[in-house]
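Below you'll find the structure, written out as structure tokens, and then a few comments.
The values are calculated or read from the model by the stated rules, or taken from the named source; none is laboratory data. What you see is a predicted model; the values in this text were computed from it and never measured. Neighbour counts are summed over all protein chains in view; Cβ atoms, including those assigned to glycine, are modelled from backbone coordinates with ideal geometry.
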Amino acid sequence: MPDNPIDQTVSAKIADFLEEAYQAEIETLIEQWADGYRSLVIDCGHVARFNHDLADDIVQFPNRIRDHFVDALHRLDATDPIDREDLSSGVTVRFTNVANQREVGCYRPEDTGTAMTVVGQLAQISAVKPVLLNGSFVCQRCGTITQVSQPKQNDRLTEPHECQGCERQGPFRLDYETSEFRDRQLVRIKTPPEDATDGESQITAVVNGELAGEYTGDVGSRAAVTGVLTFDGSDPDSTEYPYRLDAEDIELRDGTGDKDVSDEELAVLTESETPVEDLTASLLPGIEETDKFELIKEALVLQLVGGPRSDHENGARIRGDWHMLLLGDPGTAKSETIDEAHHLAPRSQLVGERATAAGLTASAVKDDFGGSQWSIKAGTLVRANDGLCGIDEIDKISDDAVEALHSPMERQRVDASLADQEVSLPAYTAIIAAGNPKFGRFDEYEPIPDQIDFNEALLSRFDLIFLLKDTVDAEHDAAVGEAITNSYFGALEKEATGETSRDQAERNIPSRIIREYISRARELVPTVEDERVEQKTVEAYTHFRQQGDDNGNPNAVPVTARKQEGILRLAASSARARLSETIKVEDVERAVKLIRQSLEDVGIDPETGEFDADLIETGNSMSQHERMKSIKQVIEGLNNGRVGSGSTVEEIAAELNVSVEKVKKTLEKLSQQGEVYSPQTDHYRTT
């Protein structure tokens, strides 16, 4: 404890501060002391208002000032119920809100020993485990107990040099019951993906005591971690000493964007009467547009903004983020659209065909992080929480990865097992994905679900699905060729001479302004004040329900209630994109326009030319369902009383008067569903 006059003066000044500003917190500490609570959290903002020099000293000499705070507690009458020795050894003074904020990686060796707040993303969190603070070592020769404080910098057990009784060098046995343990957890903090333009940095924070375990389920969240910067000296054989942060406080933070964008610069959108149209016109410069692509860009604007989340009184959560799928022939700018979304989203992640189930969601891993314990490693959807995830070549990712997408896309949570604990991680993430036809190009005479190479059930999870076909059009092809040529040769000229005379595509509004506008729009929670808005959504949903039943088919079920939810999500996104606090009729109309195009792209049965939402909901059209039913009946009729290998494909086709190719494709589906089996090549029986 401080014993010279200067130190005593500092302790007395801190005692005055505690008595003036922290009486309630000290009373709570005393009341909960018997239950094991040991922390007194000091807000350095309060300290600065009391004495600015003292706040600066906390940043420069946190551990020394911490001793003064403990000494100051001794001076207060309020702490008399606690034994002085117990108070000195047990209380933990934690500093928060220090005036020294750094990004991950922005510190140097001379900064060690100072207090700082490191801002980044919680990327990995270990299990909570007890760590020895003070060991009671029993001499196995004479039984004397020797207390040894364990160093923070080393995970190896430190035994007494010699017994205090017989003065021999052991052997010793650790007495667990009389030793002092404390909970500890490791938290890895990384550069957020939206800030990792120059590479990714990371630092491990050591979280002790009551703070350990409090943020286990927040992997992927942005956070400000306050603590004392030091070195990790746990490997005595290494000459490298990674930075470490002895954490004292963790504050979860929301919000991203370009903080250097002024209100004057942002006025190009905030004061516009057509901000959605202006944003749409600024996306994907250089891509020759079609009417379809214009719609896709408009949908992308709404997805970048997203809709607000809300909770029902019964506890159910209504998701605001929504998902979009682009299916198209090669060379139709699908990948460029995903790259654009990744570039403009204030928070985003991008994956390709090598994505795995664990890589997309989360996994419990055992590595050098956390010693011999398991830790949670967040996947892409968790790391992109409150942002956007782009998945290119979704048709080529593994079946396990596709299966892993179902729950996060709907529930927006990722469940992971850590030791004997089930941890649920947030994945409030919008997904934009792109896929190719499995036969190279789309065939307009075949249903879309038959031409994509992933589980059709995933289709219904996407709010919007757009089809991009590469069609021959002389005028459009010439425009595309000219745009590509100008871009290529213009880039060469600029590289060689520093300028070019060619017209090159440029964004109408700079990217950083778009990102900041999106960030601000995402903070809005628009409401409905006009009853016509509600009427319009109900009318639209009813129309979609009736659309597939024009011919009076009693079996037709055009769309499910998911489409009604989709209309609401897109309408709310449209209001946000206009920076409006109210949802208007024009927002509903914009949502309906996009959903209608999506349904027409994927929900038209090529055999009948009519809309059939079963294609989206089940992957099979009504005509396919009927054919499957008829084929089963024909097989049963042909095989009735017949002994042998079963009906041939040709026999079935002749009975139904349909092509052999159609029968083969339908039989493949029935075989996958376990409805028929093939005892011999091209021969079938029902199960």
Check the stretch 389-406 and report whether any residue there is touching a helix residue (DSSP H, G or I) at 6+ places or on another chain (Cβ under 6 Å), among the acidic types (D, E) and modelled with pLDDT under 75. no
Only one of R413, R461 is touching a Ser or Thr at 6+ places or on another chain (Cβ under 7 Å), under 19 Å from R562 (Cβ atoms) and modelled with pLDDT under 90. Can you tell me which? R413
Which fully enclosed strands (runs of 3 or more DSSP E) of the stretch 304-383 have 3 or more residues being within 21 Å of L405 (Cα to Cα) and at pLDDT below 85? 362-365, 375-378
Residues that are modelled with pLDDT of 80 or more: find the helices (runs of 4 or more DSSP H) completely inside the stretch 571-687 holding 3 or more of those. 585-602, 622-638, 649-656, 660-672
Among (1) within 30 Å of P242 (Cα to Cα); (2) modelled with pLDDT under 85, which single condition is G36 missing? (1)
Being crowded, with 16+ Cβ neighbours inside 10 Å and within 30 Å of N486 (Cβ to Cβ) narrows it down to one of V276, V206, so name that one. V276
In the stretch 38-49, which residue that is surrounded by fewer than 16 Cβ atoms within 10 Å (Cβ to Cβ) and in contact (Cβ under 8 Å) with a residue 12 or more places away in the chain is farthest from F17 (Cα to Cα)? G45
Exactly one condition in (1) polar (S, T, N, Q); (2) within 24 Å of S179 (Cβ to Cβ); (3) touching a residue at least 40 places away in the same chain (Cβ under 8 Å) is false for S11; which is it? (2)
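Test of understanding: among A123, A99, which residue is among the small types (G, A, S) and closer than 30 Å to F17 by Cβ?
Testing whether each residue is among the small types (G, A, S) and closer than 30 Å to F17 by Cβ leaves just A99.
Of the residues that make up the stretch 504-511, is at least one out of contact with any helix residue (DSSP H, G or I) (no Cβ under 9 Å at 6 or more places or on another chain) and either modelled with pLDDT under 90 or of a type in the set (F, W, Y) (or both)?
yes
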Among the strands (runs of 3 or more DSSP E) contained in the stretch 96-197, which hold 1 or more residues that are among the aromatic types (F, W, Y) and either surrounded by fewer than 19 Cβ atoms within 10 Å (Cβ to Cβ) or in contact (Cβ under 8 Å) with a residue 60 or more places away in the chain (or both)? 180-190
Residues that are touching a strand residue (DSSP E or B) at 6+ places or on another chain (Cβ under 7 Å), farther than 21 Å from Q101 by Cβ and part of a helix (DSSP H, G or I), drawn from the stretch 27-67: L29
